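Novice: Here it is, the structure in full.
Just so it is clear, none of the values below were taken in a lab; they were calculated from the coordinates. Since we're looking at a predicted model, the values are computed, not measured. Ideal geometry is used to build each Cβ from the backbone, glycine not excepted, and the neighbour counts take in all protein chains shown.
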Amino acid sequence: MKLDRILLSLLGVGLLLRFVLIFVTPLEHLVQIMSDDGFIAMQIMRNVVESGVVSFDGVVTTNGFQPLYYLILLPFFKLLSGVVAYETIALVMLSVFDVLTAWVLYSLVSMYYSDRTAKLTAAFWLFNPGTLFIMLMGVEASVSAFFLGVFALSYAKVKRGRHLTGAKLVGLGFLWGLLFWARTEFVLLGLPLLVDAWWHLRRKRGLRAGKSLGMLIAVGLAALLTVLPWLWFSWSLTGHVSQDSGRAIYALTHVVPWSLGLFVTKACVFLTKYALKVGNNLGSMALFGLMLGVLFRIVSPSREGRGSWLWLVGVALFLAALIPEPNLGLSADATQLALLVGLGVVSFVGTIGGLRGFSSEGELGKMLREQGYLLGFAVLHVLFYTTYLWLVQAWHIFSVLFIGVLFLVPPLFRTLLKQKRFLMIGFVFFVLLVKIFVLWSTPSMPWQVDMYHAGVWLGENTVEGTVVGAFDAGIVAYFSERETVNLDGVVNREAEVAFREGWTERYIAERGVSYLMGDKLVPDGFVEVQRFGDEIIFERR
């Protein structure tokens, strides 16, 4: 992978921007950006480091996490424990992976486009508010995106190589297995990957069916052997290989009996939320699709009209950047949602039109032929979350975000460079920086500052050995440093079973919970003792 002075400077500035946001942002503001799941991850790692138990509450073991992220962070947690705050260690490491992903993206794009186009695409990743703020959530997304990029780059090089060796096939399988360690959803990559590899072996290399099948089996076996240690570890911890987090999310989102009407309604609501997440976390990048349509004469056939249309889209892009992310999902401000949905529909049409035109050109056409399996994975990703989990968080769509940047951004910058529209290129990055400021100044999870204050209060006003119960328990557990029972079951299989079978109140009593956070479920005998905004602390009397 190439690394020249300009690219190195871009990577350095991108890393500096992330460090500034990490070290300058006050903690009370940062907890409104980081996700509760990020604090859950850090609490589990804290228990591993300090007590040697793979558990969120220090009692019930769990496999409800993405293992590669933990394996990377644990040595630093162990080495710097008590010296540097755990959240700082995690965010610094995620920043490094986020910047390394830009480097891998540059290497991928430069296989198909000019060096300048590849550098601009890397810069787009570095200064994209979506990638930056998902990284700041403290979850594993930046790690998984990096390894997805490494896999895509390695696979492309294998396909271009003159000879297919056993080492190359085993290496691909190993990388696919690592992707599973990074995020288990990458098991979905298997179908499009194997179909693409079969087509390549049979059509491009002219190999016999038997030999092609043998090579695919070698890749699959290497991946399976890479994954087996984690599956064995999960089984030894919990008695099952499926993750606690996935089982709990399924239970929480399927609390009523299945019906066709319910499925259609939930699917429509979910797809709307998914589209909003993708559009917003790309830093309104979906609007670039309309730019593609304009540039390829889909909207304005005349050369003279194209410039006006392009700037009109640029202004719309700027206005979209001023819209904060809806922090209440589909119950957010109706005007805000209408603007985002409207822009998304128009942008989708432009994207399809633009890509259809650009696909006939050499660069994107070649990328689609070599990397098209990633689009297959993106489709399966949407179907999985739509038909199974019915829940989407920003970091869930990070792999789709990476794929979107890979396919959409290079043709845009390639055309702007070809037409010498340097002012428009500068304007695009200006809009991205504006969006970064908007998302930083109006965090998407403002209620979490109340959870932070509640956690601090519990730490200061209770003694060691106190047991706390909460449904969104990450922030409370991390800042109170008390045994905190996660009642939604995401990292607590006992609570998941209790919730699914309807005896959560009994489970609260069995665990000896003396303080409850929130009013989702308050058994008899608990009374309110403190309130921080909408967060209420109840004590058993």
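Novice: Could you work out how far apart the two model spin labels at V20 and R160 are, taking each label as a point 7 Å from the Cα in the direction of the beta carbon, and quote it in nm?
Specialist: Between V20 and R160, the label points sit 3.5 nm apart.
Novice: What are the principal axis extents of the Cα atoms in the stretch 448-540, in Å, biggest first?
Specialist: Each principal axis gives a Cα extent; for the stretch 448-540 these are 33, 26, 25 Å.
Novice: Report the label-to-label distance for A209 and K418 in nanometres (one decimal), using points 7 Å from each Cα along the Cα→Cβ vector.
Specialist: With each label placed 7 Å out from Cα toward Cβ, I get 4.2 nm.
Novice: Then there's this: To the nearest 0.05, how large is the calculated FRET efficiency for L27 and L391 if R₀ is 35 Å and r is the Cβ-Cβ distance?
Specialist: Working: r = 28 Å, r/R0 = 0.80.
That gives a FRET efficiency of 0.80.
Novice: What ranking of R414, R482, R208 emerges when the number of other C-beta atoms within 10 Å of each C-beta is taken as an exposure proxy, fewest first?
Specialist: Lowest to highest Cβ neighbour count: R208, R482, R414.
Novice: FRET efficiency for V241 and W440, Cβ-Cβ distance as r, R0 = 35 Å, nearest 0.05?
Specialist: Details: r = 40 Å, r/R0 = 1.13.
With a Förster radius of 35 Å, E is 0.30.
Novice: If each residue's Cβ is checked for other Cβ atoms within 10 Å, how do V497, V49, V485 rank with the fewest at the top?
Specialist: V497, V49, V485
Novice: Give the calculated FRET efficiency between V527 and L74 to the nearest 0.05, with a Förster radius of 45 Å applied to their Cβ-Cβ distance.
Specialist: On the way: r = 40 Å, r/R0 = 0.89.
Efficiency, from the Cβ-Cβ distance: 0.65.
Novice: A further question on this structure: Using a 7 Å offset from the Cα along the Cα-to-Cβ direction at both E510 and D115, what is the distance between the two label points in nm, to one decimal?
Specialist: Spacing of the two 7 Å Cα→Cβ label points: 6.5 nm.
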